[in-house]
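These notes concern the structure reproduced below.
The values are calculated or read from the model by the stated rules, or taken from the named source; none is laboratory data. A quick note: this is a predicted structure, and the numbers were derived from the prediction, not measured. Reconstructed Cβ throughout: ideal geometry from the backbone, glycine too, with neighbour counts over all protein chains shown.
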Amino acid sequence: MKPRNTSLLSLPETRKVRGYVIKRLPLGGYLQALEVLRTAADDLAEACFPDKTMDEIFAHVINISKDSFLELLGSAAPAALVHVTKLASALTGVDEQKLLNDPAVGPDGLVEILTTWVEVNRLGDFPGAVRNLIGKFRAATGSSPQPTTGSSG
């Protein structure tokens with residue numbers, strides 16, 4: 001079966017960015033990356049609000065002052081960068097310590113590596129492909145989406 005979007009055939013399976021080879025990820029790699037994402041929210045909450053319950057965190061955030069918000073950003077930024085680096089490592093297979101310590105990477109390089117990973121793994125086409133699959137599934141099963149009026153109210 002010939003792919004509909006023949007431009008995809010010209011995309012390389014790997015690209016080199018800042019000295020690291022970015023490859024297409026097998027399905028198992030996505031599952032590992034999802035595990036990193038699953039733990040990131042809890043770790044970020046703990047970094048920003050040590051020893052607080054979710055109820056205490058929500059109460060604090062609802063009533064946050066400007067100074068507290070700036071302090072929260074100061075706590076969240078380093079923890080978030082660590083998790084983005086863990087995610088980049090899980091997605092690319094590049095050792096996390098290399099990403100953290102390589103002066104050629106830095107925050108801008110990390111973004112470039114992740115952007116390249118999205119391109120190499122063709123994730124830009126993923127939402128459309130899922131919508132197409134859902135449409136075909138609905139057509140095959142005789143179900144259809146609920147009609148809409150075009151208004152949100």
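Of note:
- Candidate set: the stretch 85-99, residues that are part of a loop (DSSP other than H, G, I, E, B) and surrounded by fewer than 19 Cβ atoms within 10 Å (Cβ to Cβ); chosen: the one farthest from the chain's Cα centre (by Cα): Asp95
- Inspection of the stretch 61-73 finds a residue satisfying the criterion of being in a helix (DSSP H, G or I), more than 30 Å from Arg24 (Cβ to Cβ) and either basic (Lys, Arg) or in contact (Cβ under 8 Å) with a residue 12 or more places away in the chain (or both).
- If you go through the stretch 32-59 and pick out every residue that is at pLDDT 85 or above, assigned to a helix (DSSP H, G or I) and either among the basic types (Lys, Arg) or farther than 22 Å from Leu81 by Cβ (or both), you end up with 5.
- Count of the stretch 100-147 residues which are in contact (Cβ under 8 Å) with a residue 24 or more places away in the chain and either outside any helix (DSSP H, G or I) or aliphatic (A, V, I, L, M) (or both): 9
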